[in-house]
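These notes are about the structure you will find just below.
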């Protein structure tokens, strides 16, 4: 699936939740949004001539930072770290709210449009 299709699915999940704070459903939307962001990063790496099929996401982000727009790469890295935190459940943290995941999806949407 393309980044735009993945993001559309994540946003559909968010719209289905309304303003409820269902932890698992908002976490699922965060996982799909993170997949959209990762696909966007892969596309950008390929566009700058550095396809990184088996590299870790941290490595891919470092490559973008070195070869592409540094500020855009920093924004992508920040979004990826926030989405990763929203994807993992910890006993001492609350689940991400629908509003938080919605804001992260908006950030991914801006990255996909760039």
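The values are calculated or read from the model by the stated rules, or taken from the named source; none is laboratory data. Just so you know, these numbers come straight off a predicted model, no measurement behind them. Cβ sites come from the backbone with ideal geometry, for glycine too, and all protein chains shown count toward neighbours.
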message = Out of the residues in the stretch 65-95 meeting the condition of being crowded, with 16+ Cβ neighbours inside 10 Å and part of a loop (DSSP other than H, G, I, E, B), tell me which one is farthest from the chain's Cα centre (by Cα).
response = 68
message = Could you check the stretch 46-60 and list, in sequence order, the residues that are in a helix (DSSP H, G or I) and farther than 20 Å from residue 2 by Cβ?
response = 58, 59
message = I need a count of the residues in the stretch 71-96 that are touching a helix residue (DSSP H, G or I) at 6+ places or on another chain (Cβ under 8 Å) and farther than 14 Å from residue 33 by Cβ.
response = 8
ask   = Can we say residue 68 is under 17 Å from residue 114 (Cβ atoms), in contact with a helix residue (DSSP H, G or I) (Cβ under 8 Å, 6 or more places away or on another chain) and at pLDDT below 90?
value = yes
task = Scan the stretch 25-45 and give yes if some residue there is under 16 Å from residue 101 (Cα atoms), more than 14 Å from the chain's Cα centre (by Cα) and assigned to a helix (DSSP H, G or I), otherwise no.
result = yes
query = Any chance the stretch 26-41 includes a residue that's farther than 17 Å from residue 1 by Cα and out of contact with any strand residue (DSSP E or B) (no Cβ under 9 Å at 6 or more places or on another chain)?
reply = yes
task = Taking residue 37 as the residue in question, decide whether it is free of Cβ contacts under 8 Å to residues at least 40 places away in the same chain and touching a helix residue (DSSP H, G or I) at 6+ places or on another chain (Cβ under 7 Å).
result = no
query = Does any residue in the stretch 64-82 that is farther than 23 Å from residue 31 by Cβ come within less than 6 Å, Cβ to Cβ, of a residue that is assigned to a helix (DSSP H, G or I) and modelled with pLDDT of 95 or more six or more places away or on a different chain, and which pairs are these?
reply = none
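From 62, 29, which residue is modelled with pLDDT of 90 or more and crowded, with 18+ Cβ neighbours inside 10 Å?
The match here is 29.
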